[in-house]
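The values are calculated or read from the model by the stated rules, or taken from the named source; none is laboratory data. Nothing here was measured: the structure is a model prediction, and the numbers come from that model. With ideal geometry, Cβ positions are generated from the backbone for all residues, glycine too; neighbour counts draw on all protein chains shown.
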Amino acid sequence: MAQVSRILRRLVLRSLPAGPRARLLARSPNWRKAAPYGLRFSYDQYLGDVRVELDTTFLIDRLMWSGEFEPYLMALIARHVSPGDTCLDIGANIGASVLALAKAVGDAGRVHAFEPAPPNLQRLRRNLSLNPTLERRVVIHPTGLSDEAGRLFWRNEPGNPGNGFLGETGEHEVPVATLDDCLARAAVTRADFMKVDVEGMELKVFKGATRTLKTLRPCLYFETLSRFERSAGGGLFSETETYLRGLDYELYRIESDGSVAPASADNWSSYAWAVPKEKTDRFGR
């Protein structure tokens, strides 16, 4: 139903002259998700006071403009990321969550952003450069992550430009590493919060981060969309659950207010929250 509403709104917006359309979009953030493709502009009110360059060709840009980018993730960041934390953003794209994390960790914290796609990397660097205070808190790693090092190809998702996949063929050949190796090279010895949104490769990322998960014990926010469950032939989330429980993590569903509830392969949502058992009193609620 939401998609139908968005299509109808896009038709209305396309029918309006430029002036009335601009006024409607300025006063009605919810309409921005249906904005016509190809509007390019600077916006200085993302997250209240962050400046970004947006292009409505891309869904992530329209969501950032509307103020409705991944509300579950934003609620978790507000609830569980503190000044001085070290955060890992795996699948950083153009920086929507990187900027939120950089605000939350303060000058004493760090955000390590991992993004392999050259078009997204260019826009990520630009958005950070527009916010020098936040930029100083972020370390960019221009690589994909998996369970072994090598090279793969990044390609756009059909019908959703800017969102992409790593595989054996594609538009851009990119380096791939394990998180364990990347953090060792960067001498990172702390990780508090780890976001993983890599279009079905989450389990491979975790397997390449076994040492990190065993020793640094970050809390994990990760994607578990059903379409990747199907594309993996079923069992992907149950395999991820088994793997993380084997590292003494507890798994949770995420509620709309950022609170969490116990989850399993039989009771999960599009995004999951995993907490080391020794941290559940603080982060498992």
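Flag set for Leu8, criterion: of a type outside the set (Gly, Ala, Ser) and not assigned by TED's automatic domain parsing to the domain that holds Gly200.
Consider the stretch 192-249 and keep the residues that are among the acidic types (Asp, Glu) and either surrounded by fewer than 19 Cβ atoms within 10 Å (Cβ to Cβ) or out of contact with any His (no Cβ under 9 Å at 6 or more places or on another chain) (or both). The one that is modelled with the highest pLDDT is Asp248.
Checked across the stretch 30-46, the condition of being among the aromatic types (Phe, Trp, Tyr), within 28 Å of Ala104 (Cβ to Cβ) and assigned to a helix (DSSP H, G or I) holds for no residue. Put simply, of Leu124, Leu128, Leu73 the only residue that is at pLDDT 95 or above and farther than 24 Å from Gly167 by Cα is Leu128. Set side by side, the residues Pro142, Pro161 differ, and just one is surrounded by fewer than 22 Cβ atoms within 10 Å (Cβ to Cβ) and under 23 Å from Ala102 (Cβ atoms), which is Pro142. Gly164 meets each of the listed conditions (1) in contact with a Gly (Cβ under 9 Å, 6 or more places away or on another chain); (2) closer than 28 Å to Val50 by Cα; (3) modelled with pLDDT of 95 or more apart from (3). Taken together, Ala108, Ala78 contain a single residue that is surrounded by fewer than 22 Cβ atoms within 10 Å (Cβ to Cβ), within 18 Å of Asp192 (Cα to Cα), of a type in the set (Gly, Ala, Ser) and touching a residue at least 60 places away in the same chain (Cβ under 8 Å), which is Ala78.
For every residue, the table says whether it meets (1) within 28 Å of Ile254 (Cα to Cα); (2) crowded, with 20+ Cβ neighbours inside 10 Å.
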position: Pro71; (1), (2): yes, no
position: Met74; (1), (2): yes, no
position: Ser82; (1), (2): yes, no
position: Asp89; (1), (2): yes, yes
position: Gly95; (1), (2): yes, yes
position: Val138; (1), (2): yes, yes
position: Ala149; (1), (2): no, no
position: Trp154; (1), (2): no, yes
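Given the options Leu130, Leu63, Leu124, Leu54, name the one that is surrounded by fewer than 22 Cβ atoms within 10 Å (Cβ to Cβ) and more than 28 Å from Tyr252 (Cβ to Cβ).
Working: Leu63 fails: more than 28 Å from Tyr252 (Cβ to Cβ); Leu124 fails: surrounded by fewer than 22 Cβ atoms within 10 Å (Cβ to Cβ); Leu54 fails: surrounded by fewer than 22 Cβ atoms within 10 Å (Cβ to Cβ).
Of the residues listed, the single one that is surrounded by fewer than 22 Cβ atoms within 10 Å (Cβ to Cβ) and more than 28 Å from Tyr252 (Cβ to Cβ) is Leu130.
The set of residues from the stretch 12-35 being over 25 Å from Met74 (Cα atoms) and surrounded by 15 or more Cβ atoms within 10 Å (Cβ to Cβ) comprises Leu13, Arg21, Leu24.
Taken together, the residues in the stretch 159-200 that are among the charged types (D, E, K, R) and within 23 Å of Trp273 (Cβ to Cβ) amount to 6.
In the stretch 114-154, which residues are among the acidic types (Asp, Glu) and over 23 Å from Ser42 (Cα atoms)? Residues satisfying the conditions are Asp147, Glu148. Taking the stretch 1-11 as the range and being within 24 Å of the chain's Cα centre (by Cα) and exposed (fewer than 11 other Cβ atoms within 10 Å of the Cβ) as the test, the residues that pass are Ala2, Gln3.
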